[in-house]
Amino acid sequence: MKILRRKADLRAVTRSWRSAGETIGVVPTMGALHAGHLSLVEAACARADRVIVTLFVNPRQFNSPEDLAKYPRTEESDAEKLAPFAVDVLYIPEPEEIYPEGFATTVSVAGVSEGLCGAARPGHFDGVATVVTKLLLQSDADFAFFGEKDYQQLQVVRRLAVDLDIPVEIVGCPTVREEDGLAMSSRNQRLGPKGRAAAPAMRAALEEAAHALVGGASAEGALDIARQALTAAGYEQIDYLELRADPGLLPVSTLDGPARLFAAAWMDGVRLIDNLPVAAA
Ligand code: PAF
């Protein structure tokens, strides 16, 4: 696995792969790799001839300088974690490779980026959409892999690839969970022992709400019970708890087609998110 930091070097490598007729898969990450990321890497290796993992902590998608500063930076151990996989390039761009001097372009996706994390974290999806567009173009990928844990992000990326005619297939991969059901996230390592023990209540609350909805409960009733469960478990603040249609992510008040439950809440001062599909019975 080569480590590259310049887009010109990456371009030279992807050109040689292309001229040999090889396909390219990319896994965009911000590092602090865990089993969730590695499942994306595995999917990429199974699907593409050549695999690029990108590692860039994108300042434009953080809402506060404190959150950006707290984001774990573990480049060396990230590279070690990738060693067992058939990854060809770990691309760790210097900031100016992504945001050159005078950078003035923002990719902003309407519709699917509204509400949920889009409302709770203003500007977040503009930051994500802009950097992902650049990483897709820089990597020249045929396939790009994203986790369903960030389900709204996955829809934003699908939309921008179609709208901007980027010739890439966006592949969504299932959420990887700890044994107790907590969705894997780089943020989990910031939880204290008590918070870590209580955090799986989010997944349990979503499951209970999904069960109630399928049993005929109203969205309002099911979400109320879930809200109480999160509070009882020690979640300090709930950013949202919502039922949305899938695809499209429009808010729905009754379960009359495929939908998804979404939650974002704070435990130990750490913002955690999760989501779960709900099918009408
Ligand atoms: O999901 C992430 O880690 C980031 O949002 C992404 C897609 C790498 C863009 O910075």
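Couplings for the stretch 225-232, taken from phi via the Karplus curve 6.51 cos²θ - 1.76 cosθ + 1.60 with θ = phi - 60°, read 5, 4, 4, 4, 5, 5, 5, 4 Hz in order; Gly and Pro are left as x. Under the criterion of Cα pairs below 8 Å and six or more residues apart, the relative contact order for the stretch 216-281 equals 29 percent. Once backbone amide H atoms are built at 1.01 Å from N, LEU4 has LEU90, TYR91, ILE92 as its partners under 5 Å, excluding neighbours fewer than 5 places away on the same chain. Working from Cα pairs under 8 Å separated by at least six residues, relative contact order for the stretch 127-281 is 20 percent. Take VAL162, project a point 7 Å from its Cα along the Cβ direction, then tell me which residues of the stretch 241-269 have their backbone nitrogen under 15 Å from it. What the label zone holds, given the 15 Å backbone N cut-off, is 246-250.
Give, as a single signed number, the net charge of other residues whose beta carbon lies under 12 Å from the beta carbon of ALA197, with Lys and Arg counted +1 and Asp and Glu -1. Overall, the nearby charge balance is -1. Here the Karplus relation 6.51 cos²θ - 1.76 cosθ + 1.60, evaluated at θ = phi - 60°, turns the backbone of the stretch 38-55 into coupling constants of 5, 5, 5, 4, 4, 4, 5, 5, 6, 9, 10, 6, 10, 10, 10, 9, 9, 10 Hz, with x for every Gly and Pro. For MET30, the residues whose modelled amide H falls within less than 5 Å of its own, excluding neighbours fewer than 5 places apart on the same chain, are PHE56. Qualifying GluC sites (Glu not before Pro) in the stretch 164-271, where qualification requires a DSSP coil assignment and no more than 13 other C-beta atoms within 10 Å, comprise GLU179, GLU236. Estimated from the Cβ-Cβ distance and a Förster radius of 35 angstrom, the FRET efficiency linking LYS194 and ALA119 is about 0.75. Taking all Cα pairs closer than 8 Å and separated by 6 or more residues, the relative contact order of the chain comes to 17 percent.
Taking every DSSP helix (H) stretch of at least 4 residues in the chain, weighting each as -39,500 (n - 2.57) and dividing the sum by the residue count yields a mean residue ellipticity at 222 nm of -12000 deg cm²/dmol.
Counted by Cβ distance under 13 Å from ALA212, the other residues give a net charge of -3, where Lys and Arg count +1 and Asp and Glu count -1. In this Cβ point-charge picture (+1 for Lys and Arg, -1 for Asp and Glu), the chain has a dipole of about 380 debye about its Cα centre.
Grab the beta carbon distance between MET1 and ASP67, set R0 = 22 Å, and tell me the FRET efficiency rounded to 0.05. That gives a FRET efficiency of 0.15. Proximity of backbone amide H atoms, modeled 1.01 Å from N, is registered between LEU250 and ALA245 at under 5 Å, excluding neighbours fewer than 5 places apart on the same chain. 3J(HN,Hα) along the stretch 78-94: 4, 4, 5, 5, 7, 3, x, 9, 7, 8, 8, 9, 9, 9, 10, x, 5 Hz, from the Karplus curve 6.51 cos²θ - 1.76 cosθ + 1.60 with θ = phi - 60°, whole Hz, x for Gly and Pro.
The longest part of the chain holding none of the exposed loop chymotrypsin sites (Phe, Trp or Tyr not before Pro), meaning those outside H, G, I, E and B in DSSP with at most 16 other Cβ atoms within 10 Å, is 104-281. Determine the distance separating the Cα centre of the stretch 174-189 from the Cα centre of the stretch 221-259; give it in Å without decimals. Between the Cα centre of the stretch 174-189 and that of the stretch 221-259, the gap is 19 Å. Local charge for ALA35 was computed over the other residues whose Cβ lies under 12 Å away, with Lys and Arg +1 and Asp and Glu -1, and equals 0. Positive end of the dipole of the chain (Cβ unit charges, origin at the Cα centre): among THR254, SER16, VAL57, the Cα lying farthest that way belongs to SER16. Highest GNM mean-square fluctuation among VAL41, VAL131, VAL107, for the chain modelled with Cα contacts below 10 Å: VAL107.
Give a quick list of GluC sites (Glu not before Pro) in the stretch 1-104 that DSSP marks as loop, anything other than H, G, I, E or B, with at most 10 other Cβ atoms within 10 Å.
Those that pass, being in a loop and sparsely packed, are GLU101.
With Cα atoms defining each centre, the stretch 100-162 and the stretch 1-53 are spaced 18 Å apart in the structure.
Only the coordinates and a few stated rules stand behind these numbers; no lab work does. What you see is a predicted model; the values in this text were computed from it and never measured. Heads up, the Cβs are rebuilt from the backbone with ideal geometry, glycines too, and the neighbour counts pull from every protein chain shown.
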